[in-house]
Amino acid sequence: MADTRPLLLSDPDALPTAYTPLPGGSSSPEIRRIHVKEVLAMFAGVVMVSLLVVIIGNTGQDGNVYHRHNRRDKPMLLAASPTKETATKAEKAEKLQAVTRGMAAGVSEKSSRLYSSDVGAGTPVYPWNNSMLSWQRTAFHFQPEKNWMNDPNGPLFYKGWYHFFYQYNPKGAVWGNIVWGHAVSRDLIHWLHLPLAMVADQWYDINGVWTGSATILPNDQIVMLYTGSTNESVQVQCLAYPADHKDPLLTKWVKYSGNPVLVPPPGTGVKDFRDPTTAWYTTDGKWRITIGSKVNKTGISLVYDTKDFITYEQLDGVLHAVPGTGMWECIDFYPVSKTSDKGLDTSQNGADVKHVMKASLDDDRNDYYALGSYNEKTGKWVPDNQKIDVGIGIRYDYGKFYASKTFYDQNKQRRVLWGWIGESDSENADVKKGWASLQGIPRTVLFDQKTGSNLLQWPVEEIEKLRLNKKNFDKVQVKAGSVVPLDVGTATQLDIVVEFELDQKVVESAAESNEEFSCQTSGGAAKRGALGPFGLLVLADDSLSERTPVYFYVVKGSGGTVNTYFCADQTRSSVATDVVKQVSGSYVPVLKGETLSLRILVDHSIIESFAQGGRTTITTRVYPTQAIYGAARLFLFNNATDTSFTASLQIWQMNSAFIRPFSPDAASHASFTPVTVFIKFIVPFGIFLTLYFVR
Amino acid sequence: MKNLMCLAAVLIFFIQTAILRTEANIIAQTCQKTPNPPVCLSSLKSDPRSTQADIYGLAIIMVDVVKAKSTTTLNQINQLLKQSPRDKGLIDCADRYNAVLKGDVPEAYEAINVRRRMFALDGMNDAVNEANGCERNFAGRSSHPLTKLNKDVADVASVAAAVINQFG
């Protein structure tokens with residue numbers, strides 16, 4: 001739904017003037033006509049003035065909403081503070097002190113190895129003040145008003161609304177007490193919060209209402225399957241459905257009275273059985289689902305058939321398994337077309353279809369997928385390339401991205417991917433700011449017809465509605481070893497599209513290197529090579545004391561092959577010492593004739609970057625203390641030793657998505673509120689009259 | 001008859017020691033795979049429940065120890081704050097231990113009970129980071145009363161994380 005009001009709020013000068021002077025004097029033959037004109041002109045004037053009044057009235061409303069959701073008033077201190085001073089300390093501005101040492105890179109999230117074990121390093125820094133923490137909240141990424149969120153659940157489109165459910169802790173900014181949150185949107189971008197969909201109120205989900213998926217039946221009926229953690233912490237599968245199918249908001253949900261519908265089968269650990277998928281329809285006339293589990297260190301996908309979502313028969317064996325990958329969480333299994341640009345319904349199969357198998361690996365906290373073929377008769381899926389099988393090959397995203405789930409959007413015939421983006425900071429900061437975790441911007445998923453071996457992910461096109469104030473930078477030349485500022489105004493909410501061209505002569509004559517490059521061990525953007533790193537410095541301050549490089553690193557390998565790597569470097573993203581400082585990224589396929597291209601969404605403490613049209617993506621969380629608000633800048637940088645590059649960029653400011661609680665008289669049916677009726681009908685009439693007189 | 005009773009007593013003795021050795025073995029094997037086996041052993045052995053515990057029970061015991069040491073540390077911080085109420089380092093430390101006790105420890109308990117290893121790890125790894133974060137606030141000061149306490153918390157929390165990591 002296009003929200004036209006923000007544009008009007010920010011630019012009231014776009015309105016025609018409220019008062020037009022009347023033609024002076026009069027000669028008798030025209031007296032009567034002038035009277036009529038006067039009346040009509042006054043009417044037009046009244047129309048204009050009252051329009052201004054309505055607009056200003058709405059400014060107050062939306063302005064407050066905006067501020068409520070984009071500025072934290074007070075940090076949430078959960079414990080009783082020892083002294084009054086502790087509570088007020090958050091309101092004092094903290095002076096920053098220099099940190100003299102860089103931080104060690106680490107491997108896993110919130111691992112104690114990740115942060116500096118170097119306790120004696122430099123002078124003390126107490127950075128987290130209210131201003132810095134408030135800034136971290138995003139403008140256009142989905143997040144609840146407060147507290148903890150994790151996995152996306154049951155995404156679907158129904159009766160004109162996109163629905164999103166999510167794992168939520170109503171009691172704090174850590175995982176725990178998990179229930180299902182709920183929000184709706186017309187366009188996957190402007191979300192409105194609804195009441196909790198399901199809470200832990202039955203013996204079979206009292207210890208957790210965990211992840212699940214929706215299946216929409218041919219008669220438009222919705223069934224939801226989810227995992228409950230019982231009063232004895234056994235993982236069981238449960239059925240729920242909307243209380244009222246005629247309610248497009250699907251506000252209330254009913255749990256099937258005979259739950260649970262599935263319990264762990266013999267031979268399966270009672271705590272290794274969770275996250276049921278969306279069902280697909282088989283030629284036998286049954287619905288089929290898969291559920292993740294493990295046998296020792298082998299991740300597996302159990303398969304069940306059902307006709308009514310109440311009784312199930314387990315198929316022999318598994319859909320697929322990969323040794324050494326550990327527990328498979330949040331399995332996703334869906335078809336993609338080899339030839340079309342459209343998404344496919346989950347039940348599709350056929351000659352021009354490949355099936356994607358995806359698992360979230362509990363052991364390493366990453367989401368892996370593989371392309372392959374699904375044989376319905378045998379009930380098995382086989383990867384195209386065993387070397388890059390599920391869990392040992394390609395990741396959706398090489399940064400922070402987990403528990404992802406797709407759904408088929410029948411509204412626009414596309415497959416859309418949601419992913420949970422956790423924090424990379426300390427729990428102390430999360431408690432202070434009162435929230436933790438985001439969702440990535442929903443991405444379309446397509447088979448990459450050019451490479452044939454991976455998927456393409458791209459932010460849904462509706463995100464482009466948030467674009468404002470485009471700036472073009474054509475063919476900016478950046479020599480080796482230099483940094484070029486890009487004047488974009490505020491640099492905390494941006495959509496950046498950039499293409500790079502290297503000096504081809506330099507690339508061709510570059511020496512071959514045996515270098516085994518990996519973003520993770522490369523030492524980041526400060527380490528120079530002949531043909532890289534080069535890219536953008538995001539969320540940087542003027543002095544570059546803080547910056548997050550998002551960049552390419554090109555290597556000439558043996559035989560003259562050119563390999564391109566795509567990385568994001570957190571090591572200097574903040575002077576704070578208690579945030580994750582890794583270099584993330586991966587090899588990205590670049591085909592002959594392609595320029596190097598990036599798309600980067602910057603939204604306060606999250607940076608989502610896409611290389612080569614979404615072949616490789618990296619989501620990064622950063623927590624600068626200086627490069628925030630008006631001090632944040634954007635730069636091009638070239639830290640290669642041998643090559644210059646030419647970059648062409650299109651950069652937009654991004655508007656807020658005004659994510660807020662649903663209210664019946666608000667933007668839900670924006671087309672017909674009093675303001676928009678006013679704008680669409682009466683204003684043009686008024687303008688016409690005014691122009692008629694001004695002639 | 002007397003011989004039979006002697007035999008029974010000896011048998012019971014050997015069976016007991018065999019059982020005790022097995023239980024001791026679980027503790028020893030678990031602790032060997034932690035970054036600080038001595039701290040692990042002393043923490044577990046000082047809790048009588050450890051002899052009957054499986055890996056999940058041992059993890060709970062370790063989180064108990066983390067909670068106890070964090071509480072002690074926070075109490076000490078509050079005492080010090082009474083004398084130096086504007087000390088930014090102490091204030092930050094209080095916030096960090098507040099986060100450990102109100103966030104990390106409950107998260108770890110719940111996650112261990114329902115065997116969601118990832119979230120239990122988050123809790124204990126963060127506890128290590130908060131303890132280290134507090135200690136960094138006093139870098140450069142010659143000595144201060146929290147050093148040993150911070151180190152204790154970091155030690156037991158990293159052991160707890162290593163025990164959690166061993167969940168099957």
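The values are calculated or read from the model by the stated rules, or taken from the named source; none is laboratory data. This one's a predicted model, so the numbers in the text were calculated from it and none came from an experiment. All Cβ positions, glycine included, derive from the backbone under ideal geometry; neighbour counts span all protein chains shown.
Restricting attention to segment B:134-143, does a residue exist that is in contact with a helix residue (DSSP H, G or I) (Cβ under 7 Å, 6 or more places away or on another chain), of a type in the set (Phe, Trp, Tyr), in a helix (DSSP H, G or I) and within 9 Å of another protein chain (Cβ to nearest Cβ)?
The initial filter retains those residues of segment B:134-143 that are in contact with a helix residue (DSSP H, G or I) (Cβ under 7 Å, 6 or more places away or on another chain), namely B:134-135, B:137-138.
Now narrow it down to the ones that are of a type in the set (Phe, Trp, Tyr): B:138.
Subset that is in a helix (DSSP H, G or I): none.
Within segment B:134-143 (the criterion being in contact with a helix residue (DSSP H, G or I) (Cβ under 7 Å, 6 or more places away or on another chain), of a type in the set (Phe, Trp, Tyr), in a helix (DSSP H, G or I) and within 9 Å of another protein chain (Cβ to nearest Cβ)), the answer is no, since none of the residues qualifies.
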- Task: Check off (1) of a type in the set (Gly, Ala, Ser); (2) surrounded by fewer than 24 Cβ atoms within 10 Å (Cβ to Cβ); (3) touching a residue at least 24 places away in the same chain (Cβ under 8 Å); (4) more than 13 Å from every other protein chain (Cβ to nearest Cβ) for A:Ala370 and give me the number that stays unchecked.
- Result: (2)
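Can you find, within segment B:84-100, the residue that is nearest to the chain's Cα centre (by Cα) among those that are more than 7 Å from chain A (Cβ to nearest Cβ) and either at positive phi or not hydroxyl-bearing (Ser, Thr, Tyr) (or both)? Quick ask: steps written out before the conclusion?
Of all residues in segment B:84-100, those more than 7 Å from chain A (Cβ to nearest Cβ) come to B:84, B:87, B:90, B:93, B:97, B:100.
After this cut, where a residue has to be either at positive phi or not hydroxyl-bearing (Ser, Thr, Tyr) (or both) as well, the list is B:87, B:90, B:93, B:100.
Working: B:Asp87: 29, B:Leu90: 23, B:Cys93: 19, B:Val100: 13 Å.
Once the filter is applied, the top-ranked residue is B:Val100.
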- Message: Among the residues in segment A:601-620, are any at positive phi, touching a Cys at 6+ places or on another chain (Cβ under 9 Å), in a strand (DSSP E or B) and modelled with pLDDT of 95 or more?
- Response: no
- Item | Top-ranked residue of segment A:231-283 - restricted to ones that are in contact (Cβ under 8 Å) with a residue 60 or more places away in the chain and among the hydroxyl-bearing types (Ser, Thr, Tyr), ranked as surrounded by the most Cβ atoms within 10 Å (Cβ to Cβ) | A:Thr278
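The rows are residues; the columns are (1) away from chain B (no Cβ under 14 Å); (2) out of contact with any strand residue (DSSP E or B) (no Cβ under 8 Å at 6 or more places or on another chain); (3) among the basic types (Lys, Arg).
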| position | (1), (2), (3) |
| --- | --- |
| A:Pro127 | no, yes, no |
| A:Gly154 | yes, no, no |
| A:Trp180 | yes, no, no |
| A:Pro195 | yes, no, no |
| A:Tyr204 | no, no, no |
- Considering segment B:112-122, residues that are touching a residue at least 40 places away in the same chain (Cβ under 8 Å) and under 17 Å from B:Val153 (Cα atoms), and then whichever is farthest from the other protein chains (Cβ to nearest Cβ), we arrive at B:Ala120
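I need a count of the residues in segment A:521-549 that are of a type in the set (S, T, N, Q) and surrounded by 15 or more Cβ atoms within 10 Å (Cβ to Cβ).
Number of matching residues: 3.
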- Restricting segment A:433-471 to residues that are within 14 Å of another protein chain (Cβ to nearest Cβ) and crowded, with 24+ Cβ neighbours inside 10 Å, the residue that is nearest to the chain's Cα centre (by Cα): A:Ser437
- Query: What number of residues within segment A:409-423 satisfy the criterion of being assigned to a loop (DSSP other than H, G, I, E, B) and either hydrophobic (A, V, I, L, M, F, W, C) or within 15 Å of the chain's Cα centre (by Cα) (or both)?
  - Reply: 2
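Please pick out the residue among A:Thr451, A:Thr406 that is within 24 Å of A:Ser185 (Cα to Cα) and either in a loop (DSSP other than H, G, I, E, B) or assigned by the TED database to the domain that holds A:Ala279 (or both). Can you show your working first?
Working: A:Thr451 fails: within 24 Å of A:Ser185 (Cα to Cα).
Just a single option satisfies the conditions, and that option is A:Thr406.
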- Query: (1) facing chain A (nearest Cβ under 8 Å); (2) among the aromatic types (Phe, Trp, Tyr); (3) assigned to a helix (DSSP H, G or I): which one isn't true of B:Tyr109, the others all being true?
  - Reply: (1)
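Return the residue satisfying two criteria in turn: it lies in segment A:217-231 and is more than 25 Å from A:Gln410 (Cβ to Cβ) and in a strand (DSSP E or B), and of such residues it is nearest to the chain's Cα centre (by Cα). Let's see the steps before the verdict.
Applying the first criterion (more than 25 Å from A:Gln410 (Cβ to Cβ)) to segment A:217-231 yields A:227-231.
Checking the rest, the ones that are also in a strand (DSSP E or B) come to A:227-229.
Numbers: A:Thr227: 24, A:Gly228: 26, A:Ser229: 28 Å.
The qualifying residue nearest to the chain's Cα centre (by Cα) is A:Thr227.
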- Note on the structure: Within segment B:59-104, the residues that are assigned to a helix (DSSP H, G or I), in contact with a Leu (Cβ under 8 Å, 6 or more places away or on another chain) and acidic (Asp, Glu) are B:Asp95
- For A:Ile310, are the conditions met, namely being at pLDDT 95 or above, more than 14 Å from chain B (Cβ to nearest Cβ) and closer than 20 Å to A:Leu239 by Cα? yes
- Item | Residue identified as aliphatic (A, V, I, L, M) and within 7 Å of chain A (Cβ to nearest Cβ) among B:Leu81, B:Leu74, B:Leu41, B:Leu58 | B:Leu81
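How many of the residues in segment A:262-275 are over 15 Å from B:Val114 (Cβ atoms) and touching a Phe, Trp or Tyr at 6+ places or on another chain (Cβ under 7 Å)? Walk me through it before giving the result.
Kept after step one, since they are over 15 Å from B:Val114 (Cβ atoms), are these residues of segment A:262-275: A:262-263, A:265-268.
Retained after the next criterion (residues that are touching a Phe, Trp or Tyr at 6+ places or on another chain (Cβ under 7 Å)): A:262.
Residues meeting the conditions: 1.
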